[in-house]
Amino acid sequence: MAVNLPAWAERIRRERVLRGWSQADAVRALLTHGGDSLPGREHVLRRWKSWEAGEHKPDDRYQGLIAATFGTARHAMFPVGRRDASGELVAATGMDTLEVIARVRRSDLDGTTLDALRLTVDRLCTEYAYVPAEQLVVDGREWLGRVADLRDGRLTLAQHREVLSLAGWLALLVGCLEFDAGHEPAAEATRRAALSLGQESGDREIEGWAQEMRAWFALTSGDYRGVVAAARAGTEAAKDHSVSVQLAAQKAKAWARIGDRRQVEVALDRGRQILDALPYPDNVAHHFVVDPSKFDFYAMDCYRTLGDDAMAENLAEEVLRTTGDRSPMRRAEARFTLGVVAARTGNLEGAVDSGRAAIANARTSLPHFVMLGQELARLLQRRYPGEKDTHAFLEQLRALSRAPKAS
């Protein structure tokens with residue numbers, strides 16, 4: 001009779017088998033991460049068997065060691081439930097959106113109104129992944145205008161800094177949405193404005209995210225040395241804020257495309273260490289909060305680019321298994337990854353099907369999708385140049401590139 005194992009137990013076994021390890025091999029690898037304070041090998045081996053059988057969930061310490069053994073973040077393997085943020089604005093402040101707008105127009109900037117503004121900015125950033133970009137960018141620009149107008153009012157020094165910071169977060173959001181729509185010059189101008197707002201307000205995290213955007217823009221344009229430079233600048237600004245994890249990931253992606261596997265592993269390991277040292281975030285759906293489960297997504301890109309098909313396929317399947325409708329862009333890149341793996345292993349039909357499923361995603365970052373699609377297209381052209389499926393996929397990709405850009 002089939003046994004329904006917990007997802008974490010299935011993954012422990014799958015990661016071990018993928019590496020060709022016996023359970024004893026896996027325990028030896030784990031012990032190298034645990035120092036001298038762990039029990040003996042036979043004791044840990046018994047625990048390992050119970051973990052794979054789903055009998056006992058590892059405690060916090062062993063969760064971290066298992067994740068490190070497989071080169072991922074703890075909460076990527078052992079996720080925490082997500083909160084439901086619906087109705088949070090009214091519950092926390094007693095005001096709905098219309099009342100917040102009315103107070104802002106009156107410059108009625110008391111503590112409750114500032115709290116409501118923070119929650120509104122958080123809500124907009126949380127909607128990034130699933131609200132149509134053309135709708136969200138309008139909302140983001142409108143709120144950015146309202147917040148910017150507050151700078152001309154009578155504010156305390158603390159309120160002035162808070163308003164600058166809120167404007168900085170909104171500028172980051174708008175810049176990302178402009179880039180998604182293919183408006184690269186506008187996105188770069190907005191990114192620079194966000195960087196300036198971060199510097200003026202003293203918000204180092206905003207500075208870090210502005211540099212992360214610079215790295216992202218450089219990655220999609222093929223400027224891999226520019227990615228590394230931006231990641232270094234962002235890390236220097238943000239130190240150990242969560243954005244440093246994504247900066248490390250962007251650096252790893254660039255090194256993968258340069259072809260330096262050693263630097264990829266160094267960057268990923270640095271990102272994993274920072275992530276595991278941070279508290280679990282309150283709102284993992286926020287665009288400018290690093291969701292620990294996203295670490296597998298970062299690594300998937302790197303292994304696909306390096307040509308490690310087994311690792312890339314395993315991580316793509318994990319991304320599809322653990323993400324839902326509110327992570328459409330992650331799911332689309334996982335499908336692109338499966339398409340690349342299929343093409344490399346002689347499965348043209350599977351490659352094209354996966355590529356089409358990725359392109360069909362309604363929520364896209366156009367430059368990023370074109371970069372991924374071209375990666376698959378080049379592979380299809382090289383391996384299956386005369387096939388109808390190849391030409392059909394290339395035409396779909398061209399249509400995506402020619403699609404009208406949202407204003």
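The values are calculated or read from the model by the stated rules, or taken from the named source; none is laboratory data. Only a predicted model underlies this, so the values are computations on that prediction, with no experimental measurement involved. A quick note on method: Cβ atoms are made from the backbone with ideal geometry, for glycine too, and the neighbour counts reach across all protein chains shown.
So, Thr323, is that one at pLDDT below 95 and of a type in the set (Ser, Thr, Tyr) or not? It is true that Thr323 is at pLDDT below 95 and of a type in the set (Ser, Thr, Tyr).
Go through the residues of the range 305-313 one by one and say whether even a single one is surrounded by 24 or more Cβ atoms within 10 Å (Cβ to Cβ) and under 16 Å from Thr72 (Cα atoms). Within the range 305-313 (the criterion being surrounded by 24 or more Cβ atoms within 10 Å (Cβ to Cβ) and under 16 Å from Thr72 (Cα atoms)), the answer is yes, since at least one residue qualifies. Looking at (1) surrounded by fewer than 24 Cβ atoms within 10 Å (Cβ to Cβ); (2) assigned to a helix (DSSP H, G or I), which one does Ala210 not meet, given that it meets all the others? It fails just one condition, (1). Does Asn347 count as touching a Phe, Trp or Tyr at 6+ places or on another chain (Cβ under 9 Å) and either surrounded by fewer than 22 Cβ atoms within 10 Å (Cβ to Cβ) or on the phi > 0 side of the Ramachandran plot (or both)? Spelling it out, it is not the case that Asn347 is touching a Phe, Trp or Tyr at 6+ places or on another chain (Cβ under 9 Å) and either surrounded by fewer than 22 Cβ atoms within 10 Å (Cβ to Cβ) or on the phi > 0 side of the Ramachandran plot (or both). Test His286 against the stated conditions and say whether it is touching a Ser or Thr at 6+ places or on another chain (Cβ under 7 Å) and crowded, with 20+ Cβ neighbours inside 10 Å. So His286 fits the description; yes. Only one of the listed residues (Glu236, Glu265) is within 29 Å of Ala377 (Cβ to Cβ), charged (D, E, K, R) and either in the same structural domain as Ala215 (by TED's automatic domain parsing) or buried (at least 18 other Cβ atoms within 10 Å of the Cβ) (or both). That residue is Glu265.
Taking every residue in the range 51-63 that is farther than 12 Å from His75 by Cα and not assigned by TED's automatic domain parsing to the domain that holds Arg272 and pairing it with any residue that is surrounded by fewer than 12 Cβ atoms within 10 Å (Cβ to Cβ) and not charged (D, E, K, R), at least 6 positions away or on another chain, the pairs with Cβ-Cβ distances below 8 Å are Gly54/Val3. Selection of the range 318-349 for residues being more than 13 Å from the chain's Cα centre (by Cα), assigned to a helix (DSSP H, G or I) and without any contact (Cβ under 8 Å) to a residue 40 or more places away in the chain yields Leu320, Arg335, Thr337, Leu338, Gly339, Val340, Val341, Ala342, Arg344.
Scanning the range 220-233 for residues that are surrounded by fewer than 23 Cβ atoms within 10 Å (Cβ to Cβ) and part of a helix (DSSP H, G or I) returns Thr220, Ser221, Tyr224, Arg225, Gly226, Val228, Ala229, Arg232, Ala233. Of all residues in the range 40-99, those that are modelled with pLDDT of 90 or more, part of a loop (DSSP other than H, G, I, E, B) and over 25 Å from Asp269 (Cα atoms) total 2. Look at (1) buried (at least 22 other Cβ atoms within 10 Å of the Cβ); (2) closer than 29 Å to Ile274 by Cβ and you find that Met371 fails only one, number (1). Within the range 109-147, being of a type in the set (Gly, Ala, Ser) and buried (at least 17 other Cβ atoms within 10 Å of the Cβ) holds for Ala116, Ala129, Ala133, Gly140.
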